[in-house]
Amino acid sequence: MRSDEPPREELPFFVYGTLRPGAYNHDRFLLGRTAAEEEAVLPGAVLHDGPGYPYVVPGAGRVTGALLTAAPGAYGELLALLDRVELPAGYERTAREVLRTRDGAAVRAWVYEAAPEARPGPVIASGDWFNRVPDGPRTP
């Protein structure tokens with residue numbers, strides 16, 4: 001699905017950078033808007049550094065993040081908010097299979113991936129924004 005099309009179903013969101021629980025944009029944008037936040041991984045993806053936030057691109061890797069389920073009645077608001085934040089920053093929203101860490105279940109979720117016009121930086125080999133290099137480990 002293209003980012004500018006309205007969603008046909010209410011999917012959870014997979015976040016992997018500054019929107020992850022514990023990162024600086026989580027509380028700013030997501031506090032009170034989620035009903036569940038679970039650790040997850042995105043297979044078939046590579047994490048790249050970016051201008052203060054990461055990008056995901058399809059590839060032979062795994063990206064660590066969190067699967068977020070919207071609070072009851074908050075889905076439309078959350079989707080609109082995330083689109084307003086992410087789409088102008090060089091992302092596009094796509095539906096992907098994400099693996100929930102606690103049980104390995106495959107869950108279809110919205111993922112904001114690098115749009116064709118984005119300029120991703122170096123690969124983050126760990127696949128985890130919280131454990132990125134080359135500058136060494138950083139706080140979220």
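A short reminder: the numbers here are calculations on the coordinates, not readings from a lab. Computed from a prediction, not measured in an experiment: that's the story for all the values here. Because the Cβ atoms are built from the backbone with ideal geometry, glycine has one as well, and the counts that use them run over all protein chains shown.
Quick rundown of the values:
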item	result
The chain: angle of helix 75-86 to the longest principal axis, Cα-based, in degrees nearest 10	30 degrees
Gyration tensor (alpha-carbon) shape descriptor, the chain, a/c threshold 1.5	rounded
Given charges at Cβ of Lys, Arg, Asp, Glu: segment 35-140 dipole, positive-most of 61, 129, 112	61
Shape of segment 14-62, Cα gyration tensor, a/c cut at 1.5	oblate
Cα gyration tensor, segment 33-110 - rounded (a/c under 1.5), prolate or oblate	oblate
Test item: Cα-centred dipole of segment 31-140, Lys/Arg +1 and Asp/Glu -1 on Cβ, debye	60 debye
